[in-house]
Ligand code: NAP
């Protein structure tokens, strides 16, 4: 199929905010429905998969693929059918009247229908020393920063799949990886637990929380507190990777549509419809449960179909 001509006008039938698997899948479907969507991709385009190493669980990639490579394929596929991708952030979203408004750094777009696919971002522990030493040994992305600390001892905070994935990845560079977890049981899936527990370079600091990240200009260690005995110990490390879950990227939407108490966009079960007619949500921004690339892509497809049907009902051609 020949690529469609890209529309550069400010008014669009469909604007998609976000460029992870949900946003790009919504774009593929909306573009093939001849809605000529615009994707406001964000400066950190590609979403969380840009921070992932190997994606081994996305059907169709039997040998695995890296996250960034996968997102490039998604983008190419969306563009092939006439999606316009803008590599800039949405700075304001106005859902109070139709057409909806999305302000970016360079222009104000209006849209008959809006698909929100803004995803989620890494959570931080919330201590001052963590903020002070960010990018000086403290990171939330092993893929991005792990190699910087080659040959050094490192630690990962968290007990979920992300923490295990980060710890396993870091074994390529670290002399030793300590996983600091606040309980004595992991939340991660069995297979990831087994891999991490069996790895000779990984050890576990159970029932413990990071009380302080140590170091003046760069991380030199962490002080951890055993939550059972209240004892503190210092662990000499030179990089700390925080992997304790995610927060939905919905700050721009606050007060404009229904969010749950933790900030996830509420959707009507079995659909991607939000509390505002004509606004649809896909991917991690409305999914505190599954949070997988493949489920995000699935709901991205649903959002495009929901938007297309809604536009047809409104007779917006
Ligand atoms: P998660 O499953 O929510 O795990 C977060 C971990 O951080 C938990 O172990 C939690 O402890 C701990 N934690 C939370 N807040 C903390 C705090 N303030 N201080 C210390 N520890 C804290 O998040 P995730 O690991 O990012 O995974 C999210 C989803 O993505 C999951 O569904 C996961 O399966 C999926 N995922 C899959 C893969 C894969 O299959 N390759 C890779 C990455 C992620 P508690 O256990 O005590 O609550």
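The values are calculated or read from the model by the stated rules, or taken from the named source; none is laboratory data. In this text, all values refer to a predicted model and were calculated from it rather than measured experimentally. Quick reminder, even Gly has a Cβ in these numbers, built from the backbone with ideal geometry, and neighbours come from all protein chains shown.
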*Quick one: which helices (runs of 4 or more DSSP H) lie wholly within the stretch 55-147 and hold at least 3 residues that are more than 16 Å from the ligand (Cβ to nearest atom)?*
67-80
*Hey, among 163, 147, which residue is in the same structural domain as residue 199 (by TED's automatic domain parsing) and at pLDDT 95 or above?*
163
*Here are some conditions: (1) surrounded by fewer than 16 Cβ atoms within 10 Å (Cβ to Cβ); (2) at positive phi; (3) at pLDDT 95 or above. Residue 135 meets all but one. Which one does it not meet?*
(3)
*asked:* I'm trying to understand the selection: among the residues of the stretch 150-183, which are out of contact with any strand residue (DSSP E or B) (no Cβ under 6 Å at 6 or more places or on another chain), crowded, with 24+ Cβ neighbours inside 10 Å and part of a loop (DSSP other than H, G, I, E, B)?
replied: 158, 159
*Test set (1) touching a strand residue (DSSP E or B) at 6+ places or on another chain (Cβ under 9 Å); (2) within 16 Å of the ligand (Cβ to nearest atom); (3) not in a loop (DSSP other than H, G, I, E, B) - residue 193 fails condition number*: (1)
*Output the residue which, of all residues in the stretch 279-301 that are buried (at least 21 other Cβ atoms within 10 Å of the Cβ) and more than 16 Å from the ligand (Cβ to nearest atom), is farthest from residue 97 (Cα to Cα).*
300
*Among (1) within 11 Å of the ligand (Cβ to nearest atom); (2) under 19 Å from residue 152 (Cβ atoms); (3) out of contact with any helix residue (DSSP H, G or I) (no Cβ under 7 Å at 6 or more places or on another chain), where does residue 179 come up short?*
(3)
*Just checking, which of 234, 216 is more than 16 Å from the ligand (Cβ to nearest atom), over 16 Å from the mean Cα position of the chain (by Cα) and not in a loop (DSSP other than H, G, I, E, B)?*
234
*asked:* Considering only residues that are more than 12 Å from the ligand (Cβ to nearest atom), without any contact (Cβ under 8 Å) to a residue 60 or more places away in the chain and within 18 Å of residue 193 (Cβ to Cβ), which ones fall in the stretch 148-173?
replied: 171
